[in-house]
Structures are given as structure tokens and as C-alpha cells.
Amino acid sequence: MTVSRRQFLAASAAFGALGPAARAQPAGKQLIPGPSRAAIVPGQRETEVWAYNDSVPGPTLRFRQGERARILVENRLGEETTVHWHGVRVPNAMDGVAHLTQPPIAPGARFTYEFDLPDAGTFWYHPHARSAEQVERGLAGAFIVDERAPPGVDRDLVWVLDDWRLTPEAAVAGEFGNLMDASHAGRIGNTVTINGRVPSAPFPLQAGERLRLRLINAANARVFGLEFGTLAPTIVALDGHPVEPHAPLGGRVVLGPAMRADLIVDVAAAGGMVAINDTFYRQRIYKLVDLAIEGRGRARARTALRLPANPLAVPDLSRAERHVMEFGGGMMDPRLMRSIRERGGQPDPDMIRSMRERMLAGHVWSINGQSVRHGEHHHEPLLTLERGRSYVLAMNNDTAWHHPMHLHGMTFRMLSRNGVAVPHGEWRDTALLDPGERVEIAFVADNPGDWMFHCHVLEHQEAGMMGTFRVS
Ligand code: C2O
Ligand code: CU
């Protein structure tokens, strides 16, 4: 099918709503979180949301590598908040974690964040205070740091992907942090948006153009597994950091909560329609969006686009100190299942009782046996690390669920999955662990302070799946 000029213009207009994330903000940047309304579902009434600057997602904050960012936050919510710059390597006091790196910003109060930007890439920002509810209600935005010499592409697009649980009237459903969500896959919604709205028209592409598509998963819990059909994207960066350009494994771009991917798409020279399908949950495959290729372009021979590396300290694996992080808990706990098997099918009543008690107290998940809930920062760090030293972290997911594990303050390198080397050894700030999976990562502890290490399924984080690493 080809798309007429008029259809293309109509579709472009419909996607004008993709504007906020595509438009750059002027210099003196300001974020004002507060209650607002947003047209999330076309044809439905507006949804009451919490938004930065009345925009869902919040405005794209755009800087150049090496610049110093200065962002004034004025809290117009009815509760405390903070802003965390996910993936940006900032000094500890600017990391925006309520009660750990700063006192929360009270309603009506202001706080100015200011930090240098060592790395180029696709990052994002969101509150780090009661995040499960604040992020879900709409507080999140893209944070883009352009390379000193940005690579030549025809268009640079930012897509903030989100997932909402809405009522039939398009209101954000309540019951945040209920035990059902907390002990299973988290709050997976029923409505998926690109830049804050459900796509209702094909997204227009120009035949023959080269796109840089920056994908950000801002959902609380949903993992995306995107298949691009004939578009055949090349992954050039993951979690903001350049990676050897490669085709997505199995043809699918997998993004756990908080994860990002930069794709290069060379759009075919002939017009037509292509769909992006999300096939991550095999029982719930759906079409994310149609893409309408307009016009006729020149077929160009393209060379792979390589982004310049960021100045990250490379861990010295021969001298790295090794630590194990064991994740436990949740429904269908493999430990419980093993014990039932060992006892010839009989559950151990003591084990059941203590699990039940812990769960009812909201301690559903644990890291190395420790379960920390929000606001409970008066605990010992999971690890105390020596500044400048290299570390290998062996993470064992002894649960029946996916966990995107996020480390603040430092970027790590993926080493292996279930003992098999990860092909491109990419840099990341969030590692998605499949149920039962073992993942090894390595990093240099080069940023002093107390840093959060937690699951980015925000309901899991809230229910105990967090801790801190101290670098001193
Ligand atoms: Cu995206 Cu602890 O955060
Ligand atoms: Cu988790």
C-alpha cells in the first residue's frame, strides 16, 4: 500500500502530539511537576495525570556532551518528590534519591540540580520518591546528551514508551503497590503509549531517510520486545552508551523497564506500510504502531554508523573483586518449590508461615536475604566498595520473574548470561534478568557515595528489592 501526500500530512498532524519529546528546550531549564491533564487515549476524555510542565512525557531535556546541566525543579505536587537522572553519571548529591542523597523536595519547595555531563547518550529522568505511583501517573521524560559532533542522520526521534493501567473512562486506576502486583510481574497496564499517547494513525516515515530512533522504556513493569518487520534496525547504543553496531538478537529489541536502545533505521526507498509488533509476552502480542513510508527515495548504500565511545573506566577483570547478589522472593518462589519437591510434595508449614508474614509486611523480595522498603534507608549497605577498584558482580535470579536491575552512579559492562559471554559486552546501567538467570557484570567503583541498586519494576523495588552500594 502506498500513502498519499494528504494521508501523510494527516498522519504527521496526528503525530504532532509526538512533539514534546521531539522539541528541544531552551537553555535555562526548569521542571515543574504537578497535577495536570493529558490526552492519552484519542477519542476519550482527558486523563488526570501528574506531569512535568503539563506535558506527558515531560519535556525532552537536551544538552551537549561536556556541558554543565542546571535544572531548577519546583514541586507543585501535593506530596514530596525528587528528580533522578537515570543513567547520567552525576555526583552523589545530585542523584535525586529521596532520603539517601537529598531530603525530598517538599510541596511548594524548589531544588536546583547541577552537574557535568561526561557522557553522550539517551537517558531519562523520573522521581525517586514513591516512584511506583509518581512515575505511573506520568512523571518521566527524556534526557538527551548529544555527541560533540553528532552523527549525520536525517531525523533524530525520541520515543518514550509507557504503559498505563486505565479504567474504561481513561482514568489512571488506583491500588498502587498492591500485593498482587508486587508479588508477580509488577503493575503491567492495559494501554501502551508512545510519547504519551496511544498511536491512532500510522507514524509517517520518508522513503530513503536515515533515522536515529531513541527508545526509552518508562513503564513501571512492562518489558517490551519490539519486532520491526522489514525495517531491519541496527542497534548502535544501549542504555545510552555506544555498542558495536549489530542487528537485534532474534530480530527483537528487548527493553526492560528503564532500559534504552538507540536504533539506526534506513527506511526503504519505496513506499509502503510496516508494523512494529511487541512480542515479548507470548500470550499478549499486540501491534505497537504502524509506520507509513511516504514518497520515493533514492536507494543509498549506507555504511554502519559508529558512535564515539564515552569516557568510561574499563574494569580490570584480572584484579576485580567478585561479589554475589542473590535475588529471592515473589510468588512461585523456586526455593519453596524446591523444598516442596524435596519433602515429597508437602510444603513446609514454617516456611509458608514466614513467607506469608514477610509478604503481608510488604517484604516480598530480597537481595542477599535483605529486604528494604522505601524510606528504609537506615540499613547497612549491601556492599562497601573501594574507590577506583574493579568489581565483578555475579547476580543470581532465584525467582520466577523478570528483574531489570539498575545501579546508580556507575555504568557497568555486561559480561555473561548463564555462563556464556555476552556478544558485544555492552555498557549498561540496567541489566534485565530472566527468571532463574545468572548474569555477570563488571564495573569500576569510581564514583564516591551511597548508590542505589534496585529492581526497576517499581512495584518490586517498593516491596523490598533494593539496597545500596557504598563507594568510599
Ligand atoms: Cu530509574 Cu533508581 O532509578
Ligand atoms: Cu524485580
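The values are calculated or read from the model by the stated rules, or taken from the named source; none is laboratory data. Remember, predicted model here, so these are calculated numbers, not experimental data. Counting neighbours? That spans all protein chains shown, and the Cβs are built from the backbone with ideal geometry, glycine included. Accessible surface areas use protein heavy atoms only, side chains included; no ligands, DNA or RNA. Shrake-Rupley method; radii C 1.70, N 1.55, O 1.52, S 1.80 Å.
Note on the range 108-213: Kirkwood radius taken over Cα pairs, Stokes-Einstein applied at 25 °C and 0.890 mPa s, translational D equal to 144 µm² s⁻¹. With the highest mean first, a sort of the peptides 193-202, 137-146 on other beta-carbon atoms found within 10 angstrom per residue produces 137-146, 193-202. Here is the list for the range 329-431: GluC sites (Glu not before Pro) lying in DSSP coil, each with at most 14 other C-beta atoms within 10 angstrom of its C-beta, are Glu376, Glu386.
Simple spin-label estimate for Asp156 and Arg356 gives 5.7 nm between the two label positions (7 Å along the Cα-to-Cβ direction from each Cα). Tally up the carbon and sulfur contribution to the accessible surface of the range 5-296 as a whole percent, 1.4 Å probe, everything protein left in place. Roughly 51 percent of what the probe reaches on the range 5-296 is carbon or sulfur.
In plain terms, the chain from Ala275 to Arg296 could stretch by 5.7 nm, reckoned as 0.36 nm per residue minus the Cα-Cα distance. Contact order for the chain, expressed relative to its length and based on alpha carbon pairs under 8 Å spaced 6+ residues apart, stands at 15 percent. A convex hull fitted to the Cα coordinates of the range 317-471 yields 115 cubic angstrom per residue. Label zone of Arg306 (point 7 Å out along Cα→Cβ, amide N under 15 Å): in the range 223-264 this covers 236-237, 242-246. Once both labels are positioned 7 Å from their Cα atoms along Cα-to-Cβ, the gap between Arg148 and Lys287 label points is 4.6 nm. Remark on Val49: its backbone amide H falls under 5 Å from those of Ser36, Arg37, Ala38, a criterion applied only to residues 5 or more positions apart or on other chains, H modelled at 1.01 Å from N.
Rolling a 1.4 Å probe over the protein heavy atoms gives the range 56-155 an accessible area of 32 Å² per residue. Of the residues Lys287, Lys29, ranked by 1.4 Å probe accessible area with the largest first, the sequence reads Lys287, Lys29. Rolling a 1.4 Å probe over the protein heavy atoms gives the range 276-431 an accessible area of 54 Å² per residue. The charge dipole of the range 317-471, taken about the Cα centre with unit charges on the Cβ atoms of Lys, Arg (+1) and Asp, Glu (-1), comes to about 280 debye, rounded to the nearest 20. Per-residue ellipticity at 222 nm from helix content only, as computed over the chain with -39500 (n - 2.57) for each DSSP H run of at least four residues, stands at -3000 deg cm²/dmol.
Here the Kirkwood formula, the inverse mean of 1/r across different C-alpha pairs, assigns the range 172-313 a hydrodynamic radius of 16.7 Å.
Averaged over residues, the count of other Cβ atoms within 10 Å places the peptides 434-444, 243-253 in the sequence 434-444, 243-253, highest first.
When the alpha-carbon atoms of the chain are used, the pair Rg, Dmax equals 21.9, 70 angstrom.
Rounded to the nearest whole Hz, the Karplus-based 3J(HN,Hα) values (6.51 cos²θ - 1.76 cosθ + 1.60, θ = phi - 60°) of the range 120-136 follow the sequence 7, x, 9, 10, 7, 10, 6, x, 10, 8, 6, 4, 4, 8, 5, 5, 4, with x at glycine and proline.
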